[in-house]
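**Student:** Submitted below is the structure of interest, expressed as structure tokens.
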Amino acid sequence: MISIGQYCQSLLSSQKFTNATTGCVLLKRIKGEPLPPARWGLGSYGIYINAFGFFYCAFIIVWSCFPSSLPIGLADANWSPLVWVATIIFTIAYYYAYGKSRYTPPVDFVEGHRAAGVTLQQSSAA
């Protein structure tokens, strides 16, 4: 049962990542901002496909947090929402405590978007 739970948790985590990236693309399409050049595109149906993917992922994420059976006890509770919220809180706290001052976003390394004086990140061991 533990391996099934770990598989479901990893699947749920990847679903959340997929929803975040799809949401970012959908937001750019809604705002009318240009997307980076690509080999292929979704054409005029792109916004509808992204919207469907975003809302489908949200639907799956919401329903995956419900318990699998009733009544619910500590042994058979669905702990994934608690683990997910704890991970998000830790990540946000870590970003503001450490990452915000040391992280260089990848877009800063793209030619034409690089800010003056931006160099590659240095390893703390060097």
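**Student:** Determine, for 62, 83, the number of other Cβ atoms within 10 Å of each Cβ, and report the residues in order from fewest to most.
**Tutor:** Going from sparsest to densest Cβ surroundings: 62, 83.
**Student:** Now a separate question. Test of understanding: what is the full-extension gain from residue 90 to residue 20, defined as 0.36 nm times their sequence separation minus their Cα-Cα distance?
**Tutor:** 23.4 nm
**Student:** Fewest Cβ neighbours within 10 Å first, please rank 57, 65 accordingly.
**Tutor:** Least to most surrounded, the residues fall as 65, 57.
**Student:** For region 36-104, compute Rg over Rh where Rg is the Cα radius of gyration and Rh is the Kirkwood radius from the inverse mean 1/r over Cα pairs.
**Tutor:** 1.17
**Student:** Once the Cα gyration tensor of region 69-111 is found, what semi-axes does its equivalent ellipsoid get, as square roots of 5 times the eigenvalues, in whole Å, sorted largest first?
**Tutor:** They are 38, 13, 5 Å, listed from largest to smallest.
**Student:** So the label point goes 7 Å from the Cα of residue 47 along Cα→C-beta, right? Which residues of region 21-37 then have their backbone N under 12 Å from it?
**Tutor:** The answer is 26-33, whose backbone nitrogens lie closer than 12 Å to the label point.
Any read-out appearing in this document is the output of simple, stated calculations on the displayed coordinates, not a laboratory observation. Given the structure is predicted, the values throughout are model-derived calculations rather than measurements. No Cβ is skipped: glycine too gets one built from the backbone with ideal geometry, and neighbour counts run over all protein chains shown.
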